[in-house]
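Worksheet for the structure shown next.
The values are calculated or read from the model by the stated rules, or taken from the named source; none is laboratory data. Since the structure is predicted, the reported quantities are computational estimates derived from the model, not experimental observations. Every residue, glycine as well, gets a Cβ built from its backbone with ideal geometry; the counts of neighbours run over all protein chains shown.
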C-alpha cells in the first residue's frame, strides 16, 4: 500500500478512498466477466443482485420497484425481465389475492449461477481475512458499513429529477 505521507502510521483518507475505488473497479470487472460468461448485460446482473438481495430480506421484488432501483423506464424493465426470464434466471409470480401484482423470484437454476459467482469469491475473501481477529473484523465491518452509507448519500445527489430515467 502506498501512503500519501511518508512515515505516517495509518493510511490517510486519500489512501482509503483509493483502496475503495480499486476494490470497486475490481468488483465491477468481476461482475462484468461473470455476466459475459453467462450472457448477461451489466444491468441484468445488477437486477439479479437486487432481486436476490430482496429475497434474502424476505421482501418481494416487483417490476416497478426494480425499475426504480435501476433507474429504468417500465418498457426497459420489461425487456430486462424478459431477457432474465428467457434464460431461466428469473420467474414472474402472480399474487393469488391480486393477479395484477407480480413478484420476481429466482428459480433454483438462477440461484445455482449465483452460487457459481459468489462462492469462489467468498472463499477467496475468507482465506484473505484469516489473520484478522474479532476486533479487527468489527472495525472493518463498521468501516464498510459507513463507507457504503456515504456512497449512497453522495450517489443520491446524482439521481435524475423525479420521473426522469437514466440513459441506457
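When 85, 59 are screened for being surrounded by fewer than 16 Cβ atoms within 10 Å (Cβ to Cβ) and either under 24 Å from residue 158 (Cα atoms) or in contact with a strand residue (DSSP E or B) (Cβ under 8 Å, 6 or more places away or on another chain) (or both), only 85 passes. Being assigned to a helix (DSSP H, G or I) and more than 15 Å from the chain's Cα centre (by Cα), is that true of even one residue in the stretch 86-98? Checked the stretch 86-98: at least one residue is assigned to a helix (DSSP H, G or I) and more than 15 Å from the chain's Cα centre (by Cα).
Residue count for the stretch 71-82, restricted to those that are closer than 22 Å to residue 152 by Cβ and touching a residue at least 40 places away in the same chain (Cβ under 8 Å): 2. Annotation note: Cβ proximity below 9 Å between a residue of the stretch 96-118 that is within 20 Å of residue 74 (Cα to Cα) and a residue that is part of a helix (DSSP H, G or I) and modelled with pLDDT under 75 (sequence gap 6+ or interchain) occurs for no pair.
Contact map, the stretch 6-29: first residue over 17 Å from residue 144 (Cβ atoms), second residue modelled with pLDDT under 95 and surrounded by 10 or more Cβ atoms within 10 Å (Cβ to Cβ), Cβ cut-off under 7 Å, separation 6 or more or different chains; pairs are 12/3; 12/4; 14/4.
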